[in-house]
Each structure stands twice: as structure tokens, then as C-alpha cells.
1. Figure the gain on full extension for S199 and K140 (residue separation times 0.36 nm, minus the Cα-Cα span) and round it to one decimal in nm.
2. Of the candidates A74, A312, A274, which one comes out as most mobile in a Gaussian network treatment of the chain with C-alpha springs shorter than 10 Å?
3. Projecting each Cα onto the charge dipole of the range 129-226 (Lys/Arg +1, Asp/Glu -1 at the beta carbon, about the Cα centre), which of F206, S165, I180 comes out farthest on the positive side?
4. Working only with C-alpha atoms, what are the Rg and Dmax values of the range 184-224, expressed in angstrom?
5. Work out the length of the dipole vector of the chain about its Cα centre, built from +1 on the beta-carbon of each Lys and Arg and -1 on the beta-carbon of each Asp and Glu, and round it to the nearest 20 debye.
6. With a cut-off of 8 Å between alpha carbons and a minimum separation of six or more residues, what is the relative contact order of the range 196-244 in percent?
7. Using r as the Cβ-Cβ distance of Y91 and T277, and R0 as 30 Å, what FRET efficiency do you calculate, to the nearest 0.05?
8. Give the distance, in whole Å, between the Cα centre of the range 44-121 and the Cα centre of the range 284-326.
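Read the figures in this text as sums done on the coordinates, not as results from a lab. Every value quoted in this text rests on a predicted model; they were computed, and no experiment measured them. Here Cβ is always computed from backbone atoms with ideal geometry, including for glycine, and neighbour counts include all displayed protein chains.
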Amino acid sequence: MNRNRITTICAALLLGSAPLTSALAQDPYPNKPVRIIVPFTAGSATDIIARAVGEGLRKELGNQPVIVENKPGAGGTLGAAQVASSPADGYTLLVHSAGHVANAALYPGLRYDPIKDFKPLAMLASVPNVLVVSPKANYKDLAALVSKAKAEPGKLLYASAGNGSATHMNAEKFRIASQIDAVHVPYRGTPEAITDVISGQVNWFFAPITSAIPMIKDHKLQALAVGSPQRATALPDVPTTVEAGFPNSSYDFWIGLFAPAKLPPALAEQISKATATALRSDAVKARFTALGANAPHVEPAQFEGFVKAESAVATKLIQQAKITQN
């Protein structure tokens with residue numbers, strides 16, 4: 001076979017393969033399961049919200065499986081680090097809480113930058129924290145707890161779902177505002193902290209309402225106040241910490257969806273829109289109502305600016321409360 005014949009055949013083969021190559025390059029997203037990494041334990045507020053939204057997101061992504069994986073530890077940094085180093089292809093996402101933006105100030109040797117290494121995709125929920133105690137402690141109200149703490153400085157114990165977590169930050173905001181001296185006890189996650197409040201091993205905990213409300217309704221926990229700026233719709237008779245007499249004590253606990261920073265803009269827009277539609281679905285709205293969570297409407301660009309602003313707020317609180325990673 002002469003050289004011209006060979007050249008003609010090769011050219012024809014290349015032309016014939018072009019549509020196939022193009023089709024492969026344009027495979028619709030998603031064409032395999034999507035993983036959502038939650039850097040906290042199962043049963044935590046972040047986990048509960050991730051699973052509720054994940055089910056709605058599955059329906060918006062052509063019923064492609066959306067798998068939630070828990071990777072707890074080190075204040076949520078282990079799971080976040082995994083996502084930061086994952087391919088930016090939309091198949092590995094992160095659902096994290098307000099504690100995400102605190103970690104740069106808390107962990108000087110952090111392997112990733114919470115702002116630069118992530119693309120904020122959607123604000124998922126605002127979740128009030130509720131200050132809970134054991135009913136056996138017989139506190140009439142929040143003022144009674146504060147009086148007890150001031151009468152016994154350094155003796156009362158308060159739980160958190162981990163050092164630097166949103167529950168810890170809320171507790172520190174309140175501790176500073178109320179001018180009490182108490183001892184922080186970090187737990188692996190929210191369920192473990194709640195268990196020890198019920199048993200009396202620790203005195204109080206700013207628990208996410210999504211995790212605490214079943215125990216409150218069963219009278220295993222007593223709610224003294226909510227840490228959010230407004231009262232929780234699920235607990236309308238429980239005052240905010242500000243209403244209870246402690247100015248500058250409110251804290252916003254939010255949960256958001258993130259991707260690796262280099263996610264292509266078109267893909268980021270697709271996932272953001274699918275998430276927004278899922279949040280508006282009757283199933284997710286009903287689930288959020290039952291959990292006491294809210295789904296504020298925030299555009300992706302607004303959410304990105306919000307995350308940056310929250311990072312500055314968290315850094316200031318960490319410095320003021322003198323929180324360290326240990």
C-alpha cells in the first residue's frame with residue numbers, strides 16, 4: 001500500500017472518530033453518583049441538612065445517586081481537606097457549617113484555605129442553636145444558669161460539637177456577652193454532646209435545633225434560649241439570648257454547599273440552580289419545617305460575599321475568645 005493511500009485512510013479514521021470524541025467530551029453532568037462530604041458525625045445538624053437536600057438534589061440531577069459520606073474530625077477540617085484536593089468536576093462536594101470559615105484562624109497549619117480553595121455554591125439553611133440543659137438541673141430560665149455560673153466560676157461545663165465548630169462559636173459569643181467563666185468540653189459531634197447533657201455530665205450546650213428538638217419535645221432536654229437573632233419558629237415560646245437579657249450574644253449558624261475552587265462556571269451554575277430548585281420543593285420545605293431549619297433565598301454571588309464576610313467575623317471572635325486549636 002502506497003504512502004498516499006495510508007495517509008487517506010488515517011485521515012478518514014480521524015474524521016470518523018471526531019464525533020465520538022466530541023460526544024465523550026460533552027457527556028451530560030452527572031453521569032455517575034455525586035458524593036457530598038459532611039465533615040461531622042451522622043446525626044449532626046450539618047449531616048441532617050445535607051441528607052435532606054441531597055435527596056431533593058438527586059431528583060433535580062436526573063435521579064443520579066447523591067451519596068452523603070461522613071468524614072468527621074479536627075473541627076471539620078479533615079472532610080474539607082478531602083474536598084479541597086478532589087477533582088473540580090462536580091462529583092465531590094462539601095456541605096459545611098459556619099465553622100468552616102473559622103478554621104483558617106484556628107488552625108495555623110491548615111492544608112487548605114477555606115476561602116481560596118472552595119467555590120460557594122448555595123446557602124442551604126439557617127439553623128438556630130438552642131441552649132439546652134438537663135431538666136433535672138431545675139433552671140427556671142437562662143438568668144438562673146448565668147447566676148449559677150457566676151456563683152461558681154470555672155466549675156460549670158459547656159459542650160460543643162468540636163473545637164471551632166459553630167456550636168462552640170455560639171457558646172463563646174454567649175460566654176463573652178454574659179461575662180461568665182466556664183469550661184469548654186469539645187465532643188466528636190452533636191449526638192455525643194447531647195447525650196452527656198441529658199445525663200448531666202456537662203451543664204449546657206448550644207445544640208442545633210435540628211438535633212435537639214426531638215429531645216426537647218420528649219422532655220429529655222430543657223430549652224432555655226436560642227442563640228439566633230430571631231426566635232425559632234419550631235420553639236416560638238423560647239426567647240433569644242438577647243431577649244433573655246444578654247446583648248451582643250446572638251450568633252448565626254448557617255450551612256452551605258461548596259465545591260473545589262476550580263469548578264467550571266457553567267457546572268457551578270448548573271449545581272447551584274439544581275440546589276435552589278431542590279430547596280423550593282415541597283418535600284425539602286416540609287422536612288426543614290419539621291427540623292426547625294430555614295432556607296433563606298441567597299443568590300450564589302451573594303453567598304460568596306457572605307462567606308468572606310463571615311470569615312472576618314469568625315476570626316475576630318476567635319481572637320476575642322482566645323480560642324486555640326487544642
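1. My answer for the length gained is 19.4 nm.
2. Largest GNM mean-square fluctuation: A312.
3. I180
4. When restricted to the Cα atoms of the range 184-224, Rg and Dmax are 9.4, 26 Å.
5. Its charge dipole is roughly 420 debye.
6. The normalised contact order for the range 196-244 reaches 25 percent.
7. Plugging the Cβ-Cβ distance into 1/(1 + (r/R0)^6) gives 0.95.
8. If we compute the Cα centre of each part, the gap is 14 Å.
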